[in-house]
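Only one structure is covered here, and it is reproduced in the block below.
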Amino acid sequence: MSYVIGLKCKECGHRVPVSPVHVCQACFGPYEVEYDYAAMKGKVTRESIAAGPKSLWRYKDFLPVAEPKTGFFSGFTPFRKAVRLGKELGCSDLWIKDDSCNYPTYSYKERVVSVAISKAIEFGFDTVGCASTGNLANSTAAHAAMAGLRCYVMIPHDLEQGKVLGSLIFGPTMVRIRGTYDDVNRLCTEIADKYGWAIVNVNLRPYYTEGAKTYGFEIAEQFGWRLPQHTVVPTAGGTILPKIYKAYREFIELGLVEDNGPKIYSAQAAGCNPVVKAIHKGIDIIEPQKPNTIAKSIAIGNPADGYYVWHAVKDSGGWGESATDPEIVAAIKLLARTEGIWTEPAGGTTLAVAMKLIQQGRIPKNESIVVSITGNGLKTLEAVQNDLVQPEAIEAKISEFDELLARQGSQNLSEAKAADRASRKPVSVI
Ligand SMILES: *Cc1c(COP(=O)(O)O)cnc(C)c1O
Ligand SMILES: [Zn+2]
């Protein structure tokens with residue numbers, strides 16, 4: 001049973017049947033999947049969802065796929081109360097949605113790729129590909145390997161080793177392009193047309209983007225069929241933020257959660273913040289930038305869906321802020337030290353921005369707050385390696401250990417921790 005009606009242009013409302021197209025024939029706006037919510041009412045319930053698999057496919061009724069073909073172990077990631085981090089920030093109801101452990105390549109991209117590749121197989125494609133800042137390439141390559149499809153991943157030339165090797169290991173053809181992500185994306189549009197491949201975030205974009213809703217559905221279900229008052233979300237191309245908002249609206253529409261006016265906030269790196277700039281200006285024109293930040297996975301200077309991020313943020317009553325590279329690194333370390341989660345710079349950006357919004361008083365400390373952690377720190381060692389002090393090596397002798405302790409004795413463990421807390425600078429503690 002599918003509740004999909006077809007594709008509908010987000011701008012002019014032009015409708016076409018389900019097919020591998022993404023640009024409106026009438027006005028060049030983006031197509032989006034349209035569902036028959038009236039038919040879903042009373043049929044899609046909390047119980048029917050809870051009876052589904054413990055993967056993103058438990059929300060299949062909200063996705064444009066007849067039969068899942070991959071992603072059987074993706075999604076349904078932890079949603080945790082961040083008690084220790086909350087204490088540091090003075091927040092009593094702080095939560096983390098943690099896609100840093102999403103399966104199999106440790107980012108939110110499993111969600112969009114699972115839907116896009118399932119749809120690509122349904123359409124009869126035997127070759128898939130993507131334009132990526134790293135995580136999408138990792139995920140597309142892994143899911144293509146699982147599904148037995150040919151795969152081409154296109155990336156900017158200067159990505160972190162964890163992202164490059166993290167794709168190559170799955171055996172795709174990787175093309176490194178001398179240019180920014182925006183150059184890569186432009187090339188991929190031509191490739192999709194010329195070679196007739198399923199480029200997941202280009203010609204399969206209407207299906208791809210729907211997968212991102214599952215991040216929002218999971219927050220709502222795991223929060224006890226409630227919506228958090230504040231959700232802070234990173235913005236790159238602008239897929240996930242509007243789709244979390246859409247997920248919340250769909251659950252409200254079907255009566256699965258109460259409408260408490262959930263506010264959505266966009267987080268970008270200061271070195272690539274075209275959407276946040278537009279939010280601050282109050283004008284929905286996104287001026288392209290040339291990225292310069294360690295947060296490479298979200299460094300998209302000309303985001304395809306930036307306009308929709310702007311509107312979701314404004315419509316919800318949220319806001320946007322950006323974080324500098326040092327603030328991003330400090331937030332990565334704070335999250336690791338307080339919650340045992342190692343995220344990549346995208347997650348550091350989101351936490352740093354959440355802290356800013358709390359400091360500004362835009363997000364009240366006693367209300368429910370979700371920080372969206374979307375990627376894993378193990379893939380971006382480069383981001384922190386200059387900020388962590390590597391301990392000196394000693395011989396395996398108790399006397400050397402005693403001496404080491406004595407050398408560091410001026411600072412005992414608790415003092416060191418207090419100093420760390422105060423300064424946020426690295427201290428090596430045994
Ligand atoms: C892709 C990505 C995002 C968000 O990208 P959108 O294009 O805005 O959906 C956020 N975090 C990480 C780690 C990513 O890889
Ligand atoms: Zn149109």
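Data table
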item	result
Filtered residues of segment 362-379 (kept if open to solvent by 50 Å² or more (accessible area, probe 1.4 Å) and assigned to a loop (DSSP other than H, G, I, E, B))	Arg362, Lys365, Asn366, Glu367
Test: Leu56 is open to solvent by less than 60 Å² (accessible area, probe 1.4 Å) and within 16 Å of ligand 1 (Cβ to nearest atom)	yes
Selected residue (only one of Tyr207, Tyr152, Tyr108 is under 23 Å from Thr350 (Cα atoms) and aromatic (Phe, Trp, Tyr))	Tyr108
Residue in segment 170-182 that is within 16 Å of ligand 1 (Cβ to nearest atom) and surrounded by fewer than 24 Cβ atoms within 10 Å (Cβ to Cβ) present	yes
Check on Trp310, under 15 Å from the mean Cα position of the chain (by Cα), open to solvent by 20 Å² or more (accessible area, probe 1.4 Å) and not β-branched (Val, Ile, Thr)	no
Single unsatisfied condition, Gln408 versus (1) polar (S, T, N, Q); (2) more than 29 Å from the chain's Cα centre (by Cα); (3) modelled with pLDDT of 95 or more	(3)
Filter result (in a helix (DSSP H, G or I) and in contact (Cβ under 8 Å) with a residue 24 or more places away in the chain) within segment 177-188	Tyr181, Asp182, Asp183, Val184, Asn185, Leu187, Cys188
Criterion violated by Lys41 - all others in (1) out of contact with any helix residue (DSSP H, G or I) (no Cβ under 8 Å at 6 or more places or on another chain); (2) touching a residue at least 40 places away in the same chain (Cβ under 8 Å); (3) open to solvent by less than 60 Å² (accessible area, probe 1.4 Å) satisfied	(3)
Every pair of residues 6+ apart whose Cβ atoms lie under 8 Å, when the first sits in segment 1-25 and is without any contact (Cβ under 8 Å) to a residue 12 or more places away in the chain while the second is in a loop (DSSP other than H, G, I, E, B) and among the small types (Gly, Ala, Ser)	Val23/Gly29
Residues of segment 305-324 classified as touching a Pro at 6+ places or on another chain (Cβ under 8 Å) and part of a helix (DSSP H, G or I), total	6
Residues (modelled with pLDDT of 95 or more and under 20 Å from Thr293 (Cβ atoms)) located in segment 107-155	Ser107, Tyr108, Lys109, Ala131, Ser132, Gly134, Asn135, Leu136, Ala137, Asn138, Ile155
Segments classed as helices (runs of 4 or more DSSP H), wholly inside segment 193-304, with at least 1 members that are open to solvent by 50 Å² or more (accessible area, probe 1.4 Å) and in the same structural domain as Ala331 (by TED's automatic domain parsing)	213-222, 240-253, 274-281
Qualifying residue in segment 14-22 (condition: away from ligand 2 (no atom under 16 Å from the Cβ), surrounded by 15 or more Cβ atoms within 10 Å (Cβ to Cβ), under 26 Å from Asp193 (Cβ atoms) and of a type in the set (A, V, I, L, M))	yes
Selection status of Ser74, open to solvent by less than 10 Å² (accessible area, probe 1.4 Å) and within 16 Å of ligand 1 (Cβ to nearest atom)	yes
Condition met for Ile369 (in contact (Cβ under 8 Å) with a residue 24 or more places away in the chain, closer than 30 Å to Glu32 by Cβ and over 18 Å from the mean Cα position of the chain (by Cα))	no
Residue match in segment 102-125 (condition: buried (at least 23 other Cβ atoms within 10 Å of the Cβ) and aromatic (Phe, Trp, Tyr))	yes
Complete set of residues in segment 23-46 that are part of a loop (DSSP other than H, G, I, E, B) and more than 10 Å from ligand 2 (Cβ to nearest atom)	Asp36, Lys41, Gly42, Lys43, Val44, Thr45
Tally of residues being away from ligand 1 (no atom under 14 Å from the Cβ) and under 30 Å from Gln161 (Cβ atoms) across segment 252-311	6
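The values are calculated or read from the model by the stated rules, or taken from the named source; none is laboratory data. For clarity, every value in this text was computed on a predicted model and none was experimentally measured. Here Cβ is always computed from backbone atoms with ideal geometry, including for glycine, and neighbour counts include all displayed protein chains. We work out accessible area using only protein heavy atoms, side chains counted, and drop any ligands, DNA or RNA first. Shrake-Rupley method; radii C 1.70, N 1.55, O 1.52, S 1.80 Å.
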